Amino acid sequence: MFNDTTSTGVPSVTSTDSTSCPEPNSTGYVKGVKAVAYITVILLSLFGNVVVIHVVQKNQRMRTITNYLIINMALADLLTTVFNMLPTLYWIFSGLDPWAVGGWLGQTLCKLLNFAQSVSVTVSVLSLCAIAFDRFFAISRPLKRVITFRVAKCIITSSWLSSITIAGPQLYVLTTTGKQGLAQCVENWVPPFNQATAARDYTIALFVLLYALPLAIIAFLYTVIMFKLWRRRTPGQELTLNQENMEKTNRKVLKMLVTVVIVFALSWLPLYVRMFVMFAESDRFVCGLPYDMDLLTLFFGHANSAINPYIYVIFNENYRKGFKTVLSTVKRGTQSFSQCTCRRTRSSRLQEKDIMLTNTRSREAETLRTSEEEKTEK
């Protein structure tokens, strides 16, 4: 059942016996609503994140450290879209998890899909932290670039390596049980850990290290930045035009980034709450929370990947221009294709008419020639 979650906030199943738990009983209408919601989020995420990467790469002025870190988040969001949203959509339609096939393929999917989402979320958190530090140093020490492009490349590389390391235990503990066609993805912490407490301890550690602590640090840094940008100037102090423009730009960027952080925190909070409820009330929720509630908490987390690109569009003029350019290009391409199709259709119709006319004339000529031959014979 893909709507359940492992200790890391990744889609999986619990270790309960599936035969003793009720199967999801969604009507066709409810299933359709779920499918439409996920298809919409998938399309928005694919389009938005690809365009973000394209816009930054094509626009020389947008090749800043902050935007490169935003690209890093976009890549992580695409990873979530492909390896987690699409399998969730498959579960909605079929009622089976991708790893239900069992065997080596089920085992691989069980480990890979859960591992991919953990890596994606971790990369996003580390990128948000890096962006916050970059903005902090840019405002507090404007005359000295602390995070250079070389440092940014090291940060991006480290974010992926660190994420792979942090999510690595899942490749060891996740395994499939049950017969082929109904296999489940479960956590097996033995050996070397205690099966009863390891999942809970791992979840708490991840919550602190990859959610609570990073968000606290980010909140502190952005609070300091806000104080520096919005504090009252010394009486009689005047800023040059360039300084005023720079402050306005910094404020706009800060508003955008704060919005991204808030949306990220709110998107993934329900999933963490869901997991802690499961640990605190494990005896009560032996088969997990209600299916729709499980899927909803997962949907909020996945939707974050689709929301981010459009936050950039709302707050940043360069991203708006980039999106408009891409959309106009797509529109022109669609119109050209339609016109080309129409021309081909008209051309095909004219050719068919010419062929029919030629065939008619040939038959008439053949008939006339036959009648003349008959007259000659007579």
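The values are calculated or read from the model by the stated rules, or taken from the named source; none is laboratory data. All figures in this text were calculated on a predicted structure; none of them were measured in a lab. SASA here: full protein model, heavy atoms, side chains in, ligands and nucleic acids out. Shrake-Rupley method; radii C 1.70, N 1.55, O 1.52, S 1.80 Å.
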For this session: For the range 157-221, give the percent of accessible area contributed by carbon and sulfur heavy atoms, probe 1.4 Å, rounded to a whole number.
Result: 72
Problem set entry | In order through the range 107-116: 3J(HN,Hα) via Karplus (6.51 cos²θ - 1.76 cosθ + 1.60), integer Hz, x for Gly, Pro | 4, 5, 5, 4, 6, 5, 5, 5, 4, 4
Seminar exercise, completed: Counting only protein heavy atoms and rolling a 1.4 Å probe, one gets per residue an accessible area for the range 36-185 in Å² of 45
Seminar exercise, completed: Diffing the range 125-131: the Karplus 3J(HN,Hα) column from phi (6.51, -1.76, 1.60, θ = phi - 60°), in whole Hz with x for Gly and Pro, holds 5, 5, 5, 4, 5, 4, 4
Exercise. What percent do you get for the relative contact order of the range 117-198 when only Cα pairs under 8 Å and 6+ apart count?
Worked result: 25
Seminar exercise, completed: XL table K58/K255; K58/K324; K252/K331; Cα-Cα > 21 Å flagged, in table order, is K58/K255; K252/K331
For this session: Convert each backbone phi in the range 133-144 into a coupling constant with the Karplus relation 6.51 cos²θ - 1.76 cosθ + 1.60 (shift: θ = phi - 60°), then list the ³J(HN,Hα) values in order as whole Hz, x for Gly and Pro.
Result: 5, 4, 5, 4, 5, 5, 7, 7, 10, x, 8, 9
Exercise. Gap in Å between the Cα centre of the range 274-303 and the Cα centre of the range 185-230?
Worked result: 18
For this session: Could you pull out every residue, at least 5 positions away or on a different chain, whose amide H is within less than 5 Å of the one on L174? Hs are placed 1.01 Å off N in the peptide plane, and Pro or chain starts have none.
Result: N188
Exercise. Carbon and sulfur atoms: what percent of the 1.4 Å accessible area of the range 109-149 do they account for?
Worked result: 72
For this session: Search the structure for amide H atoms under 5 Å from the amide H of L182, placed 1.01 Å from N in the peptide plane, and list their residues when 5 or more places away or on another chain.
Result: none
